[in-house]
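Engineer: Can you read through this structure? Questions will come right after.
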């Protein structure tokens, strides 16, 4: 008679020790567009098209394109698809509905400014691939990094130096500065998502993202949205002579003073626990020794960018367009082997930017041509006039509205594509000097880049580092926004008067 051991058979009333069945698998995720954001985005356009009365002096084509544009903007905010994919879907709708011809819909894909942005993204890849960006940042840490405040200034000044040649703020944040800040923080035993984050990492993250706002504003080629602003301004008749130099003249004084103030102000508002960092220069020296002497490709990158920036500055006098100068620089890097074509093909952000920038620029241009932007701006101008406001007051109100409405946007470039033309037209209708209005809106497009953790690509990158808590992001975002507004107002107003902008 066989017997079973206690371990082989449980008593009838005893609990079973067998392995519980695995939980049922989660339902398969829908692989396409997110249903709710898709439905809301489409509903906004459909309701506007068929439920809102059309002004008599606007054509059906104009009203229908405005509805599609509102759907596009809603999708950029809600995100039913990645930005480029959603832009393409909306472009398809505009052609399928015969709102735009195929040629009109794709006309902006030959836009010089958009291709300048694309080529500039490739320069960013060159800085990261050659290690030149890391080397420059480490030199600043070595020179200024004996204190936490010195570290913050070193990183901020480094970004100011390289940003004219690296127009992607996200690339600068993710490819160069966040890795260095993490390394510095780890060396001080400052860890993400931990109480030790406030030792060093949290302050350096906040200082860098807030400083980057002013770095991006100071040079035309420091951020992709700057170039888009210039193009949209031109479509409304605001021509900026010698754009690179004119932009720098107007931005230099307020942006540089605000940049210098930012690390110090944050040092008081959001102080790090560690005030002295004597090991940071040592660490930077060690890493520079590991990198060895400056390599051939780094020298080639330096030389190419110096020539390209020189052509951007003097191109108008020489008859060389900015995009041609950029093409020459990229061709040089390809011929010298600093970049290869696979590097360009794999730069997804560049091709994505080409797709959705072209859609937004094309739609904005067509809305202007069809009279929609003029209709909106005239309505706002009449409202402001009813309050008996002069152009300075209208300027302040419109600039503030443009700035703080960014809480609704998850991208600076999406904000520009959606609202820049309309707000510039409102300024012009309120008799604000055109060049002043165009540049101030463009500068504000950079200054609101750190309002929230989603307000820009670099904000998302830095927040993703895990060093700063969300309440601190919002609190410091609004405080530093007000600091920037005050500095730019007090310094920029007389400076722009001297330059003759008004």
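Engineer: How large are Rg and Dmax for the range 378-475 when only the alpha carbon atoms are used, in Å?
Structural biologist: 15.5, 49
Engineer: Taking the Cα centroid of the range 123-162 and of the range 423-484, what is the distance between the two, rounded to the nearest whole Å?
Structural biologist: Comparing the Cα centres of the range 123-162 and the range 423-484, I get a distance of 23 Å.
Engineer: Label the range 233-360 by shape, choosing from rounded, prolate and oblate, from the square roots a ≥ b ≥ c of the eigenvalues of the Cα gyration tensor; if a/c is under 1.5 it is rounded, and otherwise prolate applies when a/b is larger than b/c, oblate when it is not.
Structural biologist: Oblate is the answer for the range 233-360, as a/c is 1.5 or above yet b/c matches or exceeds a/b.
Engineer: Relative contact order, percent, of the range 436-502 when contacts are C-alpha pairs under 8 Å separated by at least 6 residues?
Structural biologist: Dividing the mean separation by the residue count of the range 436-502 yields 33 percent.
Engineer: To continue, here is another question. Relative contact order, percent, of the range 110-499 when contacts are C-alpha pairs under 8 Å separated by at least 6 residues? Each step should come with its number before you reach the end.
Structural biologist: Values: 530 pairs, mean separation 98.9, N = 390.
Taking the mean separation of contacting Cα pairs over the length of the range 110-499, I get 25 percent.
Engineer: Cβ neighbours within 10 Å, averaged per peptide: list 223-233, 136-146, 34-44, 299-309 in order, most packed at the top.
Structural biologist: Values: 223-233: 26.0, 136-146: 20.5, 34-44: 15.6, 299-309: 18.3.
Peptide ranking by packing, descending: 223-233, 136-146, 299-309, 34-44.
Engineer: List the residues of the range 473-489 whose backbone N lies under 12 Å from a point placed 7 Å from the Cα of residue 502 along the Cα-to-Cβ direction.
Structural biologist: What the label zone holds, given the 12 Å backbone N cut-off, is 489.
Engineer: State the Cα centre-to-centre distance between the range 54-85 and the range 291-335 in whole Å.
Structural biologist: When both Cα centres are located, 39 Å separates them.
Engineer: While we're on this one: Which order do peptides 280-292, 391-403 fall in by mean Cβ count within 10 Å, highest first?
Structural biologist: Result, highest mean first: 391-403, 280-292.
Engineer: Return a whole-number percent for the relative contact order of the range 38-158, with Cα pairs under 8 Å and 6 or more residues apart as the contact set.
Structural biologist: Dividing the mean separation by the residue count of the range 38-158 yields 16 percent.
Engineer: What value, in deg cm²/dmol to 500, does the helix sum -39500 (n - 2.57) over DSSP H runs of n ≥ 4 give at 222 nm once divided by the residues of the chain?
Structural biologist: Using -39500 (n - 2.57) per qualifying helix, the result is -21500 deg cm²/dmol.
Engineer: Just order 116-125, 356-365 by mean Cβ neighbour count inside 10 Å, highest at the front, would you? Mind showing how you got there, number by number?
Structural biologist: On the way: 116-125: 23.4, 356-365: 25.2.
So the order, starting with the most tightly packed, is 356-365, 116-125.
FYI, it's all coordinate maths here, none of it is from the lab. Fair warning: this is a prediction, and the values are worked out from it, not measured in the lab. All Cβ positions, even for glycine, are placed from backbone atoms using ideal geometry, and neighbour counts span all protein chains on display.
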